[in-house]
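J.: Right, I'll just put the structure down here and ask away after.
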Amino acid sequence: MANPLPPTRPTRRRLGHRWLLVFPFIWQACLAPAVNDIALTPFGLPFPMFWQMAGIVLTSVVIAIVFRLDAKAGVEAEEAAFLAHSLKTHEDGAP
């Protein structure tokens, strides 16, 4: 049976920045119920609607930051090597 993954040197990457992805979840799941009773109307919008739109912007910024930090950590090169190996294995007829 062939080895499914190419041999790679073990590297120790720091991917702790991915914990930033927890903030949008906390924003929506934990803090949204707390803002339902706020009567403030920024830009003429009900505050919960404004909160959701701000959450969309926050999520986009956090994902962009994590994407950049992943690229700096070399995750894209690892994914490209994995895809190249997978395509080669698929073309060779292996399941």
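J.: Conditions: (1) modelled with pLDDT under 90; (2) more than 19 Å from the chain's Cα centre (by Cα). E79 meets all but one. Number of the miss?
T.: (2)
J.: For the subset of the range 23-54 comprising residues that are assigned to a loop (DSSP other than H, G, I, E, B) and not acidic (D, E), which member is farthest from I65 (Cα to Cα)? So that I can check it myself, show each step before the final result.
T.: Step one: list which residues in the range 23-54 are assigned to a loop (DSSP other than H, G, I, E, B), which gives 31, 36-41, 45-46.
From what is left, the residues that are not acidic (D, E) are 31, 36, 38-41, 45-46.
Values: L31: 22, N36: 29, I38: 30, A39: 32, L40: 30, T41: 30, L45: 28, P46: 29 Å.
Among those that are assigned to a loop (DSSP other than H, G, I, E, B) and not acidic (D, E), it is A39.
J.: Still on this structure: Return the residues of the range 67-83 that are under 23 Å from F25 (Cβ atoms) and in contact (Cβ under 8 Å) with a residue 24 or more places away in the chain; say none if nothing qualifies.
T.: Scanning the range 67-83 gives L69, D70, A73, V75.
J.: For the range 57-66, give me each residue that is without any contact (Cβ under 8 Å) to a residue 24 or more places away in the chain and surrounded by 12 or more Cβ atoms within 10 Å (Cβ to Cβ).
T.: Result: V61, single match.
J.: Name every residue in the range 58-76 that is β-branched (V, I, T) and modelled with pLDDT of 85 or more, in order of residue number.
T.: Residues of the range 58-76 that are β-branched (V, I, T), as a first pass: 59, 61-63, 65-66, 75.
Passing the criteria: T59, V61, V62, I63, I65, V66.
The values are calculated or read from the model by the stated rules, or taken from the named source; none is laboratory data. Fair warning: this is a prediction, and the values are worked out from it, not measured in the lab. Here Cβ is always computed from backbone atoms with ideal geometry, including for glycine, and neighbour counts include all displayed protein chains.
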